[in-house]
Amino acid sequence: MKMIKSQLSRLQGLDERWRNLTIALVTLLFAPLVHLILGTGANRWLQVANFFFIYALLGLSLNIILGYAGLFQLGHAAFYAVGAYTTAILSTKLDIPILLLLPLSGVVAAIFAVLISRPILHLRGDYLCIVTIGFGEIVRIALRNDVSSLAFLGKIPGLSGFADRVSRLVITGGPNGIFGISRPGLFGFTLRQQWHYYFLFLAFVAFTIFAMRRLENSRLGRAWACIREDELAAEAMGIDTVQMKLLAFAVGAAWAGVTGSLYASWVTVIAPESFSFWESVIMFCIVVLGGTGSIPGVLVGTAGMVVLPELLREVLLNIQQWCMLLFGAAMVLMMVFRPQGLWPSRHMRLEVMTEKESQAPS
Amino acid sequence: MEQLLQQLINGLTIGSFYALIALGYTMVYGVLKLINFAHGDLFMLGAYIGLVTLMGFVVNVGMSASLLILLLIFLIVMAAIALAGVTLERVAYRPLYQAGRLPPVVSALGAAIFIQNAVMLLYGARYRTYPEEFKAIIPEVIWTVGGARISLLQVCMLVIAFALMAGLYFFVQYTRLGTAMRAVSLDHDTARLMGIDVFRIIVLVFIIGPALGAAGGVMVGLFYGRIYFTLGWGYGLKAFTSAILGGIGNIPGAMIGGLLLGVIEALATGFVSDAWKNAIAFVVLILILILRPTGLLGERVVEKL
C-alpha cells in the first residue's frame, strides 16, 4: 500500500500530460485481456496494436534526427531496412539467435548511417531531404536486385571472374525477400502469439520513451536543440556540430535498426517493398503530425497514421475504398488546424508561437 | 556509338518530361520555399483528364482527330489542372504559410494521397490506355540518324516541351509579371513594398507550374500510351530530383536538371543495367550535391529547417 502511494506521489510530480501518458501506457498493459475474453476476433486489433508499437518506435527514432537535431530526413526506411535485413540474413544463414541480433542490427544500422551521412551533413534543408530520399531508394533497389544483378560488372575487363561468382549468390532474396526468420526465444520459450509480441513491443516502447526523455534533457539533447535552433550560434558556443549531427543520425538509425530487427522476427517474412519510400513518408508524417520533437506527439501521430486508417476501414464497411481518400483529407485538415502538431512539445510550442518566418507572406 | 546516340535521344525525350514537371516544383519552391509533394499527382491527374477529354472529343462527339483538337485538348487539360493547383494552394498551403517548414510538407503529402485515391475511385485501379485514334494524329514516321532511330512522335514531344520551356523562360525574364515573380522569390516583404501583390504572384505560380506539369502528363500519356493512378509518385520523385539537381528555385536549372537526369537514366539503362538505373541516377545526384551543395545552378543560401 505504502509502495503504491509513493509511486502515485511520484506520478503527481510529473507534468499532467506525462502522467496521462503513463496511465495510458499502463492501461495498454491490460488491453490483451480483451483478446482473451473475446477470443480470436480481437486478434486483428492486436495486430494493429503491434503495428502501432513498431511505428511508434520508428517515429521515436526518426524524432531524434528530425525533431531534436532538425535534420530533414525523409529516408528513414533505409535504416529500418538495414536492421531488418541484418537480422533476416544472419538468422536464416547462420542461425544466430534473435536476442543477439537485436543489438547487432542496431549497431550495423548505426555504422551504415554514419558512413552515408558523413559526406552529406553539409547539405541544408531540402537538399538533405532529397539525398536521404535517394539513399532510401538506393537501399531498396539494392535489396530488390540482390548481389546477383551485379553481373553487369563482368563487362569491365578483369572483373569477369568476380561477376561470375557474384551472379550465383543469393543474399537478400531479390523481390521475394527472405522468409523463415526465426522467432525470439529465451530458455526454451519462444514468442509465437500476437499477444506475446504485444508485450515485447510494449516493453520496448516504454523503455524507448524513458530513454528518449532522458536523452532530450541530456547534454547531447540540448546540443541537438541548439543546432536545430541556430547552427551558427551552436558552433560559436563550442558545439562540434558535425559530431553531434553524426550522433543524431547514428542514434536514430540504431533505434530504427533494432525496430527493424523486432519487425523481422515478428513477421518472419520481409521483402524490399516493406521498406519503400512510402514507409519513410509515414514515419515523417508521424513525427510532424504529432508535433515535431515531442515524445507524446509521436505516439499520437502514430495513432493518426497507423490506427486511424484501420478504424476508417472498420467504420466504412461498404465504402472501404474511400478510406485512403478520407485519410489524405484528414492529414491536410490536421495540419491546417493544428500546424504545431497534435501534441507539441512545450519548447516547440513556444517556438511556433513566437517564430515569424521571414519568407512567409502575412 | 550508335547505341550512345540512341540512348541520348531516348534520354532527352524522357528528360523533357522530367523538366516540364520539375519546373512546377522549382517555381513553387522559389516563391514559397515549399516542396509541393502533390505536384506529381497533379501531373498524373493531367494525364487522366487528357484521356477523358480525348475520349469526349474523339469517341463520343465523333470528331476526327486532328492537330487542332490535340492543341485544344492540351489547353483544356492545362486550364483544368491550373484550377486544381490554385484550389490546392488555397485549401492546403495558404493556411500554413506561418507554420514553419515541416507542416506544409505533411499537408502536401496528404493532398497527394487524396488526389491519388480520388483518381483511383473515379477511373479505377487499373491501367488506362490512350485510344488508338489519337495516335493517328501524328503519323508513325521513323528517321534513322547516324544509326539511331527517332520517331516523329519523339520530335513532336521535344518540340512541345522546348516551346513551353522557352515560353516560360521569356515570360519570367522579360514580362512585368515575370519580373514581379522573380522579385517575390527574392524577398516577400521588399516585393510587397514595391507594390507587388504577393498573393497574386503565388496564385500565378500555382497556375503556371501545374499547367506545365499537366502538359507533361498528356505527353507521357501520348508517348507511352498507358497511364496508372500511381504514375505521379515515380515521376514526381524524378522531377523533384531534377529540380534539386539543377538547383531548386532556379528555372533554367530545372530544365537542365530534368534533361540531365533523363540522359543519365537512359545511359544507365543502355550501358549498365536497367534494374539499377534509378539507383545510379540517385548516386549521380548525391555525388553532384557533395561537390555542389546547392545544385548545378543554385545559389548559396543560408536557410533553416
State all residues of the stretch A:310-338 that are surrounded by fewer than 22 Cβ atoms within 10 Å (Cβ to Cβ), of a type outside the set (Gly, Ala, Ser) and touching a Leu at 6+ places or on another chain (Cβ under 9 Å); if no residue qualifies, say none. A:LEU312, A:LEU316, A:GLN320, A:GLN321, A:TRP322, A:CYS323, A:MET324, A:LEU325, A:LEU326, A:PHE327, A:VAL336, A:ARG338
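Assess whether B:GLY100 counts as being under 20 Å from A:LEU333 (Cβ atoms), at pLDDT below 90 and within 9 Å of chain A (Cβ to nearest Cβ).
yes
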Return a yes/no flag: does the stretch B:62-73 have any residue that is more than 14 Å from chain A (Cβ to nearest Cβ), of a type in the set (S, T, N, Q), surrounded by fewer than 23 Cβ atoms within 10 Å (Cβ to Cβ) and not in a helix (DSSP H, G or I). yes
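Select, from A:GLY180, A:GLY158, the only residue that is modelled with pLDDT under 90 and closer than 29 Å to A:VAL267 by Cα. Break it down stepwise before answering.
Working: A:GLY158 fails: closer than 29 Å to A:VAL267 by Cα.
Within the list A:GLY180, A:GLY158, the selection yields A:GLY180.
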Find the residue count for the stretch A:225-254, including only residues that are within 13 Å of chain B (Cβ to nearest Cβ), touching a Cys at 6+ places or on another chain (Cβ under 9 Å) and under 12 Å from A:LEU121 (Cα atoms). 0
Every residue in the stretch B:23-61 that is within 14 Å of chain A (Cβ to nearest Cβ) and either free of Cβ contacts under 8 Å to residues at least 12 places away in the same chain or more than 24 Å from B:TYR127 (Cα to Cα) (or both), please. B:TYR25, B:THR26, B:VAL28, B:TYR29, B:GLY30, B:VAL31, B:LEU32, B:LYS33, B:LEU34, B:ILE35, B:ASN36
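Determine whether B:LEU222 is away from every other protein chain (no Cβ under 11 Å), on the phi < 0 side of the Ramachandran plot and at pLDDT below 90.
Spelling it out, B:LEU222 is indeed away from every other protein chain (no Cβ under 11 Å), on the phi < 0 side of the Ramachandran plot and at pLDDT below 90.
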It is to be established whether one or more residues within the stretch B:165-174 are loosely packed, with under 15 Cβ neighbours inside 10 Å, on the phi < 0 side of the Ramachandran plot and touching a residue at least 40 places away in the same chain (Cβ under 8 Å). no
Per-region count, the stretch A:192-219, residues surrounded by fewer than 19 Cβ atoms within 10 Å (Cβ to Cβ) and farther than 27 Å from A:LEU99 by Cα: 3
Before we move on, is A:ALA254 at pLDDT 90 or above and out of contact with any Leu (no Cβ under 9 Å at 6 or more places or on another chain)? yes
Does B:ILE115 meet the test of being within 13 Å of chain A (Cβ to nearest Cβ) and either under 15 Å from B:PHE43 (Cα atoms) or loosely packed, with under 14 Cβ neighbours inside 10 Å (or both)? yes
Name, by its number, the condition in (1) within 15 Å of the chain's Cα centre (by Cα); (2) crowded, with 23+ Cβ neighbours inside 10 Å; (3) of a type in the set (A, V, I, L, M, F, W, C) that does not hold for B:LEU12. (2)
Taking the conditions exactly as written (closer than 30 Å to B:GLY225 by Cβ, in a helix (DSSP H, G or I) and modelled with pLDDT of 90 or more), does B:ALA163 satisfy them or not? yes
If a residue counts only when it is within 13 Å of another protein chain (Cβ to nearest Cβ) and closer than 22 Å to A:SER105 by Cβ, which helices (runs of 4 or more DSSP H) contained entirely in the stretch A:255-330 have at least 1 such residues? A:277-290
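Residue-by-condition table, conditions (1) within 10 Å of another protein chain (Cβ to nearest Cβ); (2) of a type in the set (Val, Ile, Thr):
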position	(1), (2)
A:GLY106	no, no
A:SER117	no, no
A:ILE130	yes, yes
A:VAL147	no, yes
A:ARG183	no, no
A:LEU186	no, no
A:THR190	no, yes
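Consider B:ALA243 carefully, then state whether it is part of a helix (DSSP H, G or I), farther than 17 Å from A:ILE130 by Cβ, touching a residue at least 12 places away in the same chain (Cβ under 8 Å) and in contact with a helix residue (DSSP H, G or I) (Cβ under 6 Å, 6 or more places away or on another chain). Talk me through it step by step, then tell me what you get.
On the way: part of a helix (DSSP H, G or I): yes; farther than 17 Å from A:ILE130 by Cβ: no; touching a residue at least 12 places away in the same chain (Cβ under 8 Å): yes; in contact with a helix residue (DSSP H, G or I) (Cβ under 6 Å, 6 or more places away or on another chain): yes.
It is false that B:ALA243 is part of a helix (DSSP H, G or I), farther than 17 Å from A:ILE130 by Cβ, touching a residue at least 12 places away in the same chain (Cβ under 8 Å) and in contact with a helix residue (DSSP H, G or I) (Cβ under 6 Å, 6 or more places away or on another chain).
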Any residue that is small (Gly, Ala, Ser), farther than 27 Å from A:VAL147 by Cβ and within 12 Å of another protein chain (Cβ to nearest Cβ) - is there at least one of those in the stretch B:254-262? yes
Checking the conditions here, which among B:VAL272, B:VAL284 is modelled with pLDDT under 85 and surrounded by fewer than 22 Cβ atoms within 10 Å (Cβ to Cβ)? B:VAL272
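The values are calculated or read from the model by the stated rules, or taken from the named source; none is laboratory data. Just so you know, these numbers come straight off a predicted model, no measurement behind them. Here Cβ is always computed from backbone atoms with ideal geometry, including for glycine, and neighbour counts include all displayed protein chains.
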